[in-house]
Amino acid sequence: MIREGYPPRAEVDLKALERLLGDVPTEREPTIVRRRSRDFFWYSPILAEQLKHVAADIIVRPRDEADVIRTAAACAKLRIPLTVRAGGTGNYGQAMPLAGGVLLDMTEMTGVLWQKPGSVRVRAGTNILALDQATRPNGYELRMHPSTKRTATIGGFVAGGSGGVGSVAYGGLREPGNILAARVVTVEEEPRVLELRQDAAQKVNRAYGTTGIITELEMPTAPAWPWIDVVVAFDTFAEAFRAGRDIAHADGVVKKLVTPIAWPIPGQFAALRQACPDGKAILVCMIAEPFLESFEAILGGRGTLTWRAPSREEPGETPLYEYAWNHTTLQWLKTDRSITYLQLLYPHDRLEESVTEMAETFAGEVLPHLEFIRFGGRLTCSALPIVRYTTPERLFEIIRLHEERGVMVANPHVFGLEGGSRHKRAEADQLGFKAEVDPMGLLNPGKMESFVPVR
């Protein structure tokens, strides 16, 4: 089943392209091209069917910005679609080349350009764990990162948008100050290099690479605390939620993760199973070491502490954040592909009532998993619940019922920006900026459906 609006596959003259690329590295072996053209779209049974045949025609691996400019110019001259991709850790085909063409693999463009207290300038293909390892000796780390930190890149994180581990303190990437600057290359016959600072940098945030090729980012950093991974078990999910809310509201306690998860989800956490008693909901937290005593005082004897250990990110270790955010879904999918998930945002002004109502309405079908975050200056919960999947019709009915009750849904079962947006449309400034930097609509066709090429 291919949905209406799916772009036609492009006709690509690979010989002409390679002549224009010169010595820019490429890869045409079909198995490699197909594998690198995929992300974690199969989290969704709907996208698993829609996108299963998607593949680029060729991979181009730029070594530096000059290679990016040369590739952008070649694609513009030959009218070849170009999809930017790095770690491929997205979940709904953000960087999958729907129209074929060039897959621009940014993973060779790595390295920290400079760092100073509070900020860092980095090439877009830099792995996020490697970035933190470079800044930590100076006492700093990124404010937030996805649960895929060990495999994701900073450019992919920004292009995918949202937030992650750390958003309980700093909000999402869209909050002012969470992206300081972005350097982008336009897709024109004579590409330009643009520096977007502060609010202007939001034009590339959660745009799936449709609004220019990000080559560098300037990101804020925060003090690098020694983080302690903590799991607390509770008899009910309501108790785990209330304890999490109290921790999240405690502004004096430095934290990075506050995640209530309902049973039976923790039963799927194989390597953490000893910390997840049968039938119990859990609260997963990352707390800065000096504030553990305060954390325990806020709990006040509620729940049972089942895990406490320094956060470890070395090979062979599984940091606690890999049980949170969308890794919660992945832990279940490792052994059971019959489930899927949603992405929700609960109203801050009736948070507990709304969480309780949805848990009761979909008891046994939509299993609660919340992430406390700051959104627009207010504390609330994002949610990535596990859904026991039956049919597409029932899945979209569940979405509709959430929206009718005031719970915002960022639909992860569609591949376009508009369909997956909480606002159901592309941002006006992103649409206008795309016309400026990608007038022919060659960047990631099919992902910004409301854009009409201007030439």
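Miscellaneous remarks
- The chain: calculated mean residue ellipticity at 222 nm from DSSP helix runs of at least 4, using -39500 (n - 2.57): -7500 deg cm²/dmol
- Under conditions of 4 °C and 1.567 mPa s, the range 247-306 yields 104 µm² s⁻¹ as its translational diffusion coefficient, taking Rh as the Kirkwood radius over Cα pairs in the Stokes-Einstein equation.
- Bins of 5 Å from zero: percent of alpha-carbon pairs in the range 1-141: 2, 10, 18, 18, 17, 13, 11, 7, 4, 1, 0
- Separation between Cα centres of the range 323-350 and the range 127-186, rounded to whole Å: 21 Å
- For the chain, averaging the sequence separation of C-alpha pairs within contact (under 8 Å, six or more residues apart) and dividing by the residue count gives a relative contact order of 16 percent.
- Value of Rg to Rh for the range 58-106 (Rh from inverse mean 1/r over Cα pairs, i.e. Kirkwood): 0.97
- Flagged links, alpha-carbon separation over 27 Å, of 116/447; 52/334; 255/434; 116/434; 203/255; 255/447: 116/447; 255/434; 116/434; 203/255; 255/447
- Based on Cα contacts under 8 Å between residues 6+ apart, the range 98-201 shows a relative contact order of 16 percent.
- With the convex hull constructed from alpha-carbon coordinates only, the range 156-251 shows a mean projected area of 8.0 nm² over all directions.
- The chain - percent of accessible surface contributed by carbon and sulfur, probe 1.4 Å: 51 percent
- FRET E, pair residue 235, residue 393, Förster distance 45 Å, beta-carbon r, rounded to 0.05: 0.80
- P(r) tail fraction, the range 71-216 - alpha-carbon pairs more than 20 Å apart, %: 45 percent
- Placing a label point 7 Å from the Cα of residue 308 along the Cα-to-Cβ direction, the residues of the range 260-296 with a backbone N closer than 12 Å are 287, 289-296.
- Accessible surface computed residue by residue for the chain, with neighbouring protein chains in place and a 1.4 Å probe, gives 39 Å² per residue.
- Between the range 1-52 and the range 206-245, the Cα center-to-center distance that results, in Å: 31 Å
- Overall, the range 124-212 carries a charge dipole of about 300 debye about its Cα centre when +1 sits on the Cβ of Lys and Arg and -1 on the Cβ of Asp and Glu, all other atoms neutral.
The values are calculated or read from the model by the stated rules, or taken from the named source; none is laboratory data. What you are looking at is a predicted structure, and each value in this text was computed from that prediction instead of being measured. Here Cβ is always computed from backbone atoms with ideal geometry, including for glycine, and neighbour counts include all displayed protein chains. Note: accessible area is taken over every heavy atom of the protein model, side chains too, but ligands, DNA and RNA are not part of it. Shrake-Rupley method; radii C 1.70, N 1.55, O 1.52, S 1.80 Å.
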